[in-house]
Each structure stands twice: as C-alpha cells, then as structure tokens.
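The values are calculated or read from the model by the stated rules, or taken from the named source; none is laboratory data. Remember, predicted model here, so these are calculated numbers, not experimental data. All Cβ positions, glycine included, derive from the backbone under ideal geometry; neighbour counts span all protein chains shown. For accessibility, only protein heavy atoms count, side chains too; no ligands or nucleic acids. Shrake-Rupley method; radii C 1.70, N 1.55, O 1.52, S 1.80 Å.
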Amino acid sequence: MPQYQAVKGTRDIFPEEIAQWKYVEGVVHNLASLYGFSEIRLPMFEYTELFQRGIGSSTDIVGKEMFSFLPDPNGRSITLRPEMTAGVMRAALQKNILSSSPVHKLYYIGELFRKERPQAGRQRQFSQFGAELLGVSSPAAVAEVITLMMQVFHSLGLQGLKLRINSLGDLNDRNRYRDALKSYFFPFEEMLDEPSKERLEKNPLRILDSKNPALQEIIAGAPRLYDYLSVASVEDFEKVLFYLSERGIDYEIDHRLVRGLDYYGHTAFEVTSSELGAQDAIGGGGRYDALARELGSSTEVPASGFAVGMERLLIAMEKQALFAAINPHASLLYVIVQQQELADHALNIAWQLRKAGIKTEIDLAGRSMKAQMREANRMRAAYALFIGSTEYETGLYTLKNLLTSEQTTLSLDSVVEMLGQSDRKATV
Ligand code: AMP
C-alpha cells in the first residue's frame, strides 16, 4: 500500500466521475438560471461565531462536528464551513445587497466539512448544491425553492424519492410546543440517552430527531407540533401544499420532521432516496426567517432555501444507471499512426485538428497501431483518422466512424469541415 492515503472521510474524484459531476452541475446551473437564481461563491472558512450564532450551539453540527482552528494564537477562531446558508446570509448582509433590490435569489455548488463518523454516504468533506431565496417570506417563495429542487431531480431522471414536509410554525407556536414537549418528556428523563437528556433543557424539539431505537416508542407518544400551530401558520402551510399539489409534486406530511438546524420556522422539508442505505437523506431545507436577526441584522430578512448532497445524489443516480448515456468523448477523434516514421507528421495533423476546434487524441508513447486502436475504443472515441505512407503522400486520410464502421477518404480540410460541424452538434 502506498505510504500516503487520503484522509479518512475524504475522497478523490477521478476523471470518469468528473464527467458525472459535470453533468449534474450542468443541470443545476441550467435549472437554477431558469428559475432566476444567480450563482454565489463563498469562502471555505468563516469566523466560528457565524456558525455558532447562525446554526445554533445546541445542534450536532456546532456541538461536535466543526473543524475549527486558531490561525494565530491570539486570533479569532475560524471554522471550515459545515453548511452554506449562514455564509450566504452573512455575505448578503455584509454587502447589503437587499437594499438595492429587496429579493435576491442565489444558488451555490461547493464543498463542506463536518467531523462526522465516516460511513457510506457520509464524509468529512462533501459537496452540496443549494439555493437561497432571500427577502420574501411567503408560501410562494418556499414552494419555489422546493419546486426547483424537485425539478433538478426530475431532470436527472431520479426515481424513488420521497419528499417529507412539515410546518414548524412561528416562534410563538414553537415556544408553546417546547413547553408541552418538556412536560411530556420530563417523566421519561431517566430513560432518555445522554444527548436527549441534554436536549431536554436546551432544545427538546431535537429529541424528535433522535435515531436511537430505544427512544422511538417514547418519541411516538409525544405531542405534535402541528396541534400547537396558530391559524395563520396552518394557513401558510396549506398554501405551500396547495402549490406543490398544483405542480404535481408528491409529498408526505411528517409531523416529526424538525431538521437539525435551529433557524428554521414554518415550512421544513427533507427528501430521502430509497437507493441510499442508513444515510438516506439526499436533500432538505425550509424557511429561516429568524437567521438574519440572529446574525445581528437590524432588519428582518425572511428567507427559504434547500441543500442537496452531491455525493449521495450521484450514488443514487449510479444505482439507477442514469449515467450510462454520458460519454465525455462523444465527439473525440483519435489519430492513429501506422508507422512510427510518420509520428511527427501525425502530431502535426493532431495539432491542426485541435487548432480547428476538433477534440483530438493521439498516442504519445510510440505504441503499436493495435494498441492505439485499443485506446481509441477504450476512450469511446467517435472517429479514428488513419495516417500511413499513402495518406502522407496523397494528403488524403481515412476517417473511420467508430460507431458505424463507415470509412471515407478525405483531405484534412474536409475532415475539419465535416467534424467541425458535427462536433458542435454532438456537444449541444
Ligand atoms: P443538511 O445540511 O445536514 O441538511 O444536509 C443536506 C444534505 O447534504 C443531506 O441531505 C445530505 O445529502 C448531504 N450531507 C449532509 N452531511 C453529509 C455528509 N457528512 N456526507 C455526505 N453528505 C452529506
């Protein structure tokens, strides 16, 4: 085994997989733009307080999963971003973008870091794409982010997804509910596990998130937040559901769904995939009207958003063979040289083809013609251009379509003319 291995919980992405990533990213860019979202790119690290304030110190992320460090002994603690929403809001407030236009629709694709125990579908460095709609608080806004997320899944052809949705109500609703939960769980205190005991005081809603099988029965008997919602909160939620139904988006109401982060209110949602094992959440999000104030904003910035885990999305797509049709070399021409004396001539031809915009590959290792053909097939090249002594003398080359086996003899100019066009067609 080589001496150095990638750090546990991280992984390398090699070219074959990059083609899959680019394909998914392409769909994300197109659809986000279709819905009027613009891309934002943020620093990989922020001051630790941003996440402590923004995500909440009683959450697992802040409590135990952040990679934090002191860049210099007397400096402020810095944390590798464990999620994007707090950073997006920080950036929006810092640049004061909402003063120029009250609504901002932003999306991102990027890496995140959480010190979780690595397992299938759970890494310490992973990627998400997501969207944040800042400046409006309405059922239409949250329905818009859910619709965008679901359209990405739909465009990718992903099946077997389940969208679960809940309303967390407003702050008053939740305060009333928190009290009710405390009273309910209190008699069971001795039976709770350590994390839940801690949550009982700080954030009893999070007990509902517990995956501990021993607690499921107690949790099942807990009061439902839904029963503590005000009339206005119920109406808000029903309007979101109305939009989803109207758009043919299936959902399941899940009164236990609270999500891990503190800043959510009203609608919260999560999507799971039947293709994933224990870590089956592929994406989620909700409305977070309270975040901006939490970060010190003097004005309210209502907002909604979602985040989808790229790695899990790719795993689910791979299982459903959704990448079979992707061929990054669909328009590739492989120059095959028959005699090594003609290698320099072949290199010159390859250079001319590339200069003319034709995706071209050529052997640089002096391999036999058979080996070159094997490589062209391995790369799933679309064409082979043969260069032998006759071709060299006449300036007419044999171009073989590797898909149909059709062969034509052409001048280099004609090759450029033909493939220059078909290349463009093939990449649309
Ligand atoms: P969250 O920000 O926790 O709601 O996560 C949103 C999505 O990111 C999840 O549904 C997962 O798909 C993905 N995700 C979260 N944590 C990890 C992780 N440690 N490794 C891989 N993907 C993750």
Legend entry - For the chain, built as a Gaussian network whose Cα springs stay under 10 Å, the top-fluctuating residue of F129, F153, F242: F242
Legend entry - Where GluC sites (Glu not before Pro) fall in DSSP loop in region 283-360, at most 13 other Cβ within 10 Å: E300
Inset, instruction - With only Lys, Arg, Asp and Glu charged, each at its Cβ (+1 for the first two, -1 for the last two), find how big the charge dipole of region 250-299 is about the Cα centre; round to the nearest 20 debye. - result: 280 debye
Inset, instruction - Would you mind telling me the share, in percent, of accessible area of the chain contributed by carbon and sulfur at probe 1.4 angstrom? - result: 51 percent
Inset, instruction - Quick one: dipole size for the chain, taken about the Cα centre, charges +1 on Lys/Arg Cβ and -1 on Asp/Glu Cβ, in debye to the nearest 20. - result: 380 debye
Inset, instruction - Please name which of Y243, I207, Y226 has its Cα lying farthest along the dipole of region 196-257 towards the positive end, using unit charges on Cβ (Lys, Arg +1; Asp, Glu -1) and the Cα centre as origin. - result: I207
Inset, instruction - Name the residue farthest towards the positive end of the dipole of the chain from the options T360, T299, Y108, assuming +1 on Cβ of Lys and Arg, -1 on Cβ of Asp and Glu, about the Cα centre. - result: T360
Legend entry - Beta bridges per DSSP with both ends in the chain, % antiparallel, nearest 5: 80 percent
Inset, instruction - Give the distance, in whole Å, between the Cα centre of region 379-411 and the Cα centre of region 217-286. - result: 59 Å
Inset, instruction - In debye, nearest 20, what is the charge dipole magnitude of region 47-110 about its Cα centre with +1 on Lys and Arg Cβ and -1 on Asp and Glu Cβ, if you could check? - result: 240 debye
Inset, instruction - Enter the accessible area per residue of the chain (Å², integer; probe 1.4 Å; all protein chains in place). - result: 50 Å²
Legend entry - region 1-101: chymotrypsin sites (Phe, Trp or Tyr not before Pro) in DSSP coil with no more than 11 other Cβ atoms inside 10 Å: Y4
Inset, instruction - Tally the DSSP beta bridges in region 280-422 and give the antiparallel ones as a percent, rounded to 5. - result: 65 percent
Inset, instruction - Check cross-link reach from K95 to the lysines: straight Cα distance under 29 Å, and skip same-chain residues fewer than eight apart. - result: K105
Inset, instruction - Pick out which of K22, K64, K211 has the largest mean-square fluctuation in a Gaussian network model of the chain, springs linking Cα atoms closer than 10 Å. - result: K211
Inset, instruction - Give me the angle, in degrees from 0 to 90, between the Cα long axis of helix 343-355 and the longest principal axis of the Cα atoms of the chain, rounded to the nearest 10. - result: 50 degrees
